[in-house]
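*Asks:* There's a structure below that I have some questions on.
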Amino acid sequence: MTTAALPPAAPAEPAASTATHAGLAPATARRLATAERVLYGAGGVLTAVGPQTDVAGLHVAVLAAGAGAIGVLWRRTRTGGAGLLLACTRALPLLGLSGTYAAALIAPGYSWWETVAPVAVAAAAGLAAPMTRAAGISRAIENLPAVVEAPVQQDAGDYLSGVRVLWTAAAVTNGTDLTALHQPDPNRPAFAAVILAAPGEAVSSRLDTRAVAAVFDVPEAAVTLTSIPGSGPGRLALLVDPARAEEQAALDQDPVRLWWGQKVSGPGGAAPGMNLAAYRIEAEEGRATFRVEAAEDVELVLPRRKLARALGIEDPDLLMIGAAGLSGAVITIYRDHPLIHVREATAEDLTMREDGTIALGLRHDGRPARMPLYDTDLGGLTDLFVGAPGSGKSVALLHVITAERLSGIVSIVADAQGGMSLPEAKGRVYAFGAGLAEFGATLAGACALADYREQISTANGWGSFALGDPWALVNISLDEINRVIANDAEAPDDFKAWVVAMITRAQLTFRKLGMGIRYAGQSVHLEDLGDAEKIRANAKQGSVWLGRVNSTMTKRLASDMTSGEVEITPIPRHFGGGGDAEVEAAWNGEEAPTGPVTAGVAWHICGGIPALMRVWLAVKENRTYPNLIRLMESAVMPVLTPAEDAAFRAGYAEALPLAMDLLAGGDGSGGADGHQEHDGEAGAVAVRIPRPAVKAKPANLEAQILTVLAAGVMRNRDIRAALGADTPGGPKAGSVDNALSALFDAGKVIKPGHGKWAPLGWTPED
């Protein structure tokens, strides 16, 4: 590519320009240095042998040469500057050899140093090659005055003046002028300007990038023409940057970029339009990181498994999408899984920072996986923790509960599994409800606490919560909630309805009263929690911890909690279990090797953005986790104020017999009468603790379908008719079809034929 027609760019600083003047060509410098070293070798031999001879003429010549060098240096001292430096550089070998020669003549007899000293001086001079180096310095200095003498401003003016001359001389630019002409970077041969047409006329369409490139004899890629906001067609912004075209050409030939374009971003690739903006390959760390930018006309979509397949990665778990925004993302490919090894948590990791977050574990790229316990603007948060047995859900919850105690947060925990899920928390948190009845009573006590805070806030005119003024943050963790409200839960419908009513109330009021709520279970369907839309919206402000669950649950929560730019894939049970190892083993008739279990690995979703992470290591001893217990007990347990404590305990005491009656099949009348008033601390406001109305929760759509299908095989239209689809009060026909598909994915119904559905276990004999 040539830019000969453009005048050379003016340098910004004279000193910087001197670096561009070479002293000597490399080949010339090598030849001169060789000749110089031969002369020094001969001089060393002469200096070692000459003093031992009786050749008077030789003695006089050597001593005269030394005296002449001293005389030249004396004259140079009068002028100083660079000339003196160069003279000294050249004179050192001659002075060293002549001085050694004179010393040998004066010394009587012969001594070993008379041979060693000349050889040493000659060898040192040969290594330094001072004459050659001085020549290079001299050549560079000779070019310096011309650059220094050239005024910088005049050079810049000459450059832009030359640009204007080329524009005026071109026929295609007739009738236009270059205005606002300037050089954005004085060190770069590029300029910007505004093309101005004659008054009342538009810039000719013939004046395109090709025509402008011809005017300045630059590649077409070096020219950019854009309209000016707020101006009409009589003005165009122009940028000419020849170096940019060369840089782009170099990028286009980059083998990594060519590979990416072929496999990913090009037509037929795994993610068309997902262009490679930058990359770095870190061989020692065993990873390659790619920054991806979506083209302007496409949305950011990164299908993880398709990308792994296209890039030849056998195990898709080795491809991580670390961050994703509206148009860009960072993708990392690892040689080995980065989350196999994590350390144990420290008190610093689990202590809440000013931004309300803790480090729950590590992300795949080594950064802390930060989880918010509190939001300075929103107050309390809603979290979801979902994971199958062995996925590490309980350990993750235990780290969070430990963090709450270290951070001065009041923890209220309810474990529907009778306390077996979180035994370490018992006695180490403010309240711990173990069992189904206690689960409901604990949640009721939290609602009573919210009532108290709401009354005090209303009386004082407070519209929001302030951390520690006057109350501490309270977080309620409801573990194994699927045992309470799921379709197949053992709890009666009236008990479920009561719990769901309190959950709905919590979503409406807890946040601004400084109370967060966390739902945890082996499977959590938002529809089962009551106000699904409210929980979905609130959980997007908090956190979703999605551990190893089945594929259907992964897809459902992923669609609920993310915007879909990043594909969330199920987490395998073992590291390395997501690739082709099983296929290879089956082909060879062998057992597939398994890596360590993936307990603690999860998709952590904050603000709709997912990232793969792993919870800190927890070492179990005697069926408990001593390090987490030690961390919890290292801090004083946060508690409620006396008035708050009275409200919570009164609510719990009232709700416990009600819960037990509901679980026994009663209607709640066996419990204490509702609407009792409990006085708080002396003189405090009376706390009204209502008993939630108990009303059997209507069966959801999936349960209704299962009831209808109990009669046997039915077609879609028959199922819709039986459910009153598209009738007043009935479901939508599309909702029925979606529910049927969900039941089929969950393995609860079968398809005996096209458009036909039957309950699980149905046989043709039926």
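No value in this document is a laboratory result; all are computed from the given coordinates. Just so we're clear, the structure is a prediction, and the values are computed from it rather than from any experiment. Cβ atoms come from the backbone with ideal geometry, glycine included; neighbour counts cover every protein chain shown.
*Asks:* Please compute the length gained on full extension between H59 and V256, using 0.36 nm multiplied by the number of residues separating them and subtracting their Cα-Cα distance.
*Replies:* Working: separation 197, 0.36 × 197 = 70.92 nm, distance 6.92 nm.
Gain on extension, H59 to V256, equals 64.0 nm.
*Asks:* Assuming R0 = 45 Å, can you tell me the calculated FRET efficiency for the pair R630 and A295, based on Cβ-Cβ distance, to the nearest 0.05?
*Replies:* Details: r = 53 Å, r/R0 = 1.17.
Approximately 0.30, to the nearest 0.05.
*Asks:* Give me the percent of Cα-Cα pairs in segment 701-759 that sit more than 18 Å apart, rounded to a whole number.
*Replies:* Working: 359 of 1711 pairs.
Pairs farther apart than 18 Å: 21 percent.
*Asks:* Here's another thing I want to ask about it. Pop a pseudo-label 7 angstrom from the Cα along the beta-carbon direction at both D158 and A466 and give the gap in nm to one decimal.
*Replies:* Rounded to a tenth, the inter-label distance reads 6.9 nm.
*Asks:* Further question on the same structure: Suppose R0 equals 41 Å. What FRET efficiency, 1/(1 + (r/R0)^6) with r the Cβ-Cβ distance, do A277 and V619 give to the nearest 0.05? List each step's numbers first, then the result.
*Replies:* Numbers: r = 42 Å, r/R0 = 1.02.
Once rounded, the FRET efficiency stands at 0.45.
*Asks:* Evaluate the Kirkwood expression for the hydrodynamic radius of segment 315-464, namely the inverse of the mean inverse distance over all pairs of different C-alpha atoms, and round to one decimal in Å. Let's see the in-between values first.
*Replies:* Details: mean 1/r = 0.0551 Å⁻¹.
The answer is 18.1 Å.
*Asks:* Please say if segment 454-527 is rounded, prolate or oblate, where rounded means a/c under 1.5 for a ≥ b ≥ c the square roots of the C-alpha gyration tensor eigenvalues, and otherwise the choice is prolate for a/b larger than b/c and oblate otherwise? Display every interim value, and only then the final one.
*Replies:* On the way: a/c = 3.56, a/b = 2.25, b/c = 1.58.
It comes out prolate by the Cα gyration axes.
*Asks:* Give the calculated FRET efficiency between D745 and T376 to the nearest 0.05, with a Förster radius of 41 Å applied to their Cβ-Cβ distance.
*Replies:* Calculated transfer efficiency: 0.55.
*Asks:* So, one more: Give the relative contact order (percent, whole number) for segment 701-759; include only Cα pairs under 8 Å separated by 6+ residues. If you can, show how the numbers build up before the last one.
*Replies:* On the way: 61 pairs, mean separation 25.3, N = 59.
With pairs under 8 Å counted, the relative contact order is 43 percent.
*Asks:* Using a 10 Å cut-off on Cβ atoms, rank the peptides 177-187, 258-268 from the highest mean neighbour count down.
*Replies:* Details: 177-187: 13.5, 258-268: 15.4.
By packing density, highest mean first, the sequence is 258-268, 177-187.
*Asks:* Going out from 0 in 5 Å bins, what whole percent of all Cα-Cα distances in segment 274-334 drops into each bin?
*Replies:* Each 5 Å bin holds this share of Cα pairs: 4, 19, 28, 27, 16, 5, 1, 0.
*Asks:* Counting only residues 5 or more places away or on other chains, whose amide H sits under 5 Å from the amide H of G433 once H atoms are built in the peptide plane?
*Replies:* V413, A414, D415
*Asks:* Another question about this same structure. Over the Cα atoms of segment 152-246, compute the convex hull volume and normalise it per residue, giving Å³. Please report the intermediate quantities before stating the final value.
*Replies:* On the way: hull volume 9.3 nm³, N = 95.
Output value, Cα hull per residue: 98 Å³.
*Asks:* Let me ask something else. So how much slack lies between V45 and T209, counting 0.36 nm per residue of separation and subtracting their Cα-Cα distance, in nm? Please list the in-between numbers first.
*Replies:* Details: separation 164, 0.36 × 164 = 59.04 nm, distance 7.00 nm.
Stretched fully, the V45-T209 segment lengthens by 52.0 nm.
*Asks:* Okay, next question. Could you tell me what a quarter of the Cα convex hull surface of segment 312-397 works out to, in nm² with one decimal place? Before the final figure, lay out the partial values.
*Replies:* Details: hull surface 32.2 nm².
Averaging across all directions leaves 8.1 nm² for the Cα convex hull.
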